[in-house]
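Below: the structure, in structure tokens.
Coordinate-derived values only; no laboratory data. The model shown is predicted, which means the values in this text are computed figures rather than measured ones. Positions of Cβ are backbone-derived with ideal geometry, glycine not excepted, and every protein chain shown enters the neighbour counts.
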Amino acid sequence: MQNRDMAFYTIKEAIREGLRLKLSLADGEYVVEPHVLGRNRRGKTLLRAWQLSGPRSDDTPWKVFDLDRIQHAVENGGRFDHPRPGYRAHDPHMTGGIIERV
């Protein structure tokens, strides 16, 4: 399992650089385009990302991931150069503050 701080900085850098990530969670692996890293009102660190693939594929590609549940985060070699449709710079889940955003 990856150190939580390392996952935090990997995600933060991926948002800055427009890099796709592979996230490992208990329910499987996800490939995402990370858009917003922030905290909710209770101080939990969250990631808002556009899901490209993963075990929970449904009609809503926007997902919110709890960083405490991410076991591993690595760059997967892909890039993205613009926000996805529906992107909101002031994400309503991040009431505790935005750390990094596209």
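Annotations for the structure displayed:
- Each residue in region 18-60 was checked for being over 13 Å from the mean Cα position of the chain (by Cα) and of a type in the set (Asp, Glu), and 3 pass.
- Qualifying residue in region 11-29 (condition: β-branched (Val, Ile, Thr) and not in a helix (DSSP H, G or I)): no
- Filter result for Arg84 (assigned to a loop (DSSP other than H, G, I, E, B) and either among the basic types (Lys, Arg) or under 18 Å from Met6 (Cα atoms) (or both)): yes
- Complete set of residues in region 20-55 that are in contact with a Ser or Thr (Cβ under 9 Å, 6 or more places away or on another chain), buried (at least 18 other Cβ atoms within 10 Å of the Cβ) and closer than 19 Å to Ala89 by Cα: Val32, Leu37, Gly38, Gln51
- Filter pass, Ala49 being of a type outside the set (D, E, K, R), in a strand (DSSP E or B) and in contact with a Lys or Arg (Cβ under 7 Å, 6 or more places away or on another chain): yes
- Inter-residue pairs, beta-carbon under 7 Å, first under 19 Å from Thr10 (Cα atoms) and in region 45-63, second part of a loop (DSSP other than H, G, I, E, B), 6+ apart: Leu46/Asn40; Leu46/His93; Leu46/Met94; Arg48/Asp91; Arg48/His93; Trp50/Pro61; Trp50/Arg84; Gln51/Pro61
- The number of residues in region 79-99 that are surrounded by 13 or more Cβ atoms within 10 Å (Cβ to Cβ), closer than 16 Å to Leu19 by Cβ and basic (Lys, Arg) comes to 1.
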